[in-house]
1. Determine ³J(HN,Hα), in whole Hz, for all residues of segment 334-343 in sequence, where each value follows from phi through the Karplus function 6.51 cos²θ - 1.76 cosθ + 1.60 and θ = phi - 60°; x replaces Gly and Pro.
2. Ranked highest first by average number of other Cβ atoms within 10 Å, how do 344-352, 413-421 line up?
3. Using the Karplus curve 6.51 cos²θ - 1.76 cosθ + 1.60 with θ = phi - 60°, what ³J(HN,Hα) values do you get for each residue of segment 407-421, in whole Hz, with x for Gly and Pro?
4. Hey, can you grab everything whose amide H is under 5 Å from the amide H of Val99? Only 5+ residues off in sequence or another chain; H modelled, so Pro and N-termini drop out.
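What follows draws every value from the coordinates through simple rules; no lab data is involved. Not measured: the values here are computed from a predicted model. Cβ sites come from the backbone with ideal geometry, for glycine too, and all protein chains shown count toward neighbours.
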Amino acid sequence: MEVKQVKVTAAAAEAATSSWSELPADLIGQVLLRLPSLADRVRLRAACRPWRTDAKRQALPPPLPWFALRDGGLVDHHGAPVRRCAPILREGVTDYLAVDNLAFLAHNRAACCSLVNPLSASEETPLPQLANAVLRAMNDSKFYTVGNTKMPYVKVILSSPPLDSSPDPLVAALIFEGYYVAISACKRQDVAGFGSVSDWTRKEIHRIPGEDYRMRFADIAFLNGRLYALTVKEGLYVFEPNSGDLDDPMNAPSGFRHCIIDNPEQQEVYTKTDLRYVVARYLAECDGRLFMVRQWMRIPLNVRLGDMDETFSFEVFEADLTTTPCQWRKVDRLGGHAIFLGSECTKVVHASKCVGRVQEDCIYFMHRTFDNPSQEYFGPCVDPLGDSGVYNMTNRRITPFLPEAVMEKLCLKRQFLTWFFPADV
């Protein structure tokens, strides 16, 4: 009897194993649709060969974004480290920025830089022409001094994913605290340029009497292959590159032109009786539309920016590029979309096409506008998450975007975070 029982148990186990591996493909698809984490999707595919085959045939919504750490690490929305992440900050690399699902590496040799996929062992894509443009900006800049070791790159964006089968994308970098933008082709070795607001606008922007003044860019974004730049005065400029024009964008016939004039009444800091109000501005592209986002923060007087900032509101405007002159129009809804907002990486997603309870008409924002990198690795620093959260444009309320336990786990890392959008595999 005992022998028969063993045989029956083994047969049942074999049948059970066979039945699990033979799950219908549509059922596998339903399971995958309920897995917001890319790591969980990878685990499902690794269970057996039939599941892996069926999973590759599924058209899935994008996974939830991860968090990129300043030390080169990645963590998922549970606060768990991504173990497939390749080492980023290695010898010769001084810092990096998240660029959608890639890492932009800044090297310790002048302005040398490259792109790499941190989830694979693929080779780096060097960007020598972008580096050359940055070096030229260094020579032109009054804000850069010899011996300055601070990384010049503030934000880096691509016009399209750098796939071998796609046209050569453009790469643009906001540099030197927003006083310059550098732009180059990603693969071609003969196309690059740089410029500042006063260079591109000639006489449209004047110096403040008695001051050495140059307008700053607040953010940059690509829309339909064109590079748009937003100033702190909410002026909007567009660069439409033609072949060879990047070598001299200030004099090129297809170079930067003024879309929306600067508003002299717009400020970065407003001072009231007992508070200062700080405004950060961002650009975001969505389905052929361009949005400007204002983030409103308040801070007590005589307190350093970055220590006690409190975000209390957002405003969203769409660029109406069909009128003359073009203008910003305020919007109260995002048309079923959600914005993941950050100073390094911003992306608009369709909420219904995302898994993991992404809310429409909401702004998921990272509070790291005024960070203090010099204290990140040396003793206590300000809360790296600050008041990061989710702003609902409908009820105008701010709620945490992660459970408290996960927020506490991320805070213990003592590193400022930004968004990272892994591509499904």
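1. 10, x, x, 9, 9, 10, 9, 10, x, 5
2. Sorting 344-352, 413-421 by mean packing, highest first, produces 413-421, 344-352.
3. Going residue by residue, I get 4, 5, 5, 5, 5, 5, 6, 6, 9, 6, 10, 9, 6, 9, 10 Hz, with x marking Gly and Pro.
4. Answer set, sorted by chain and number: Phe104.
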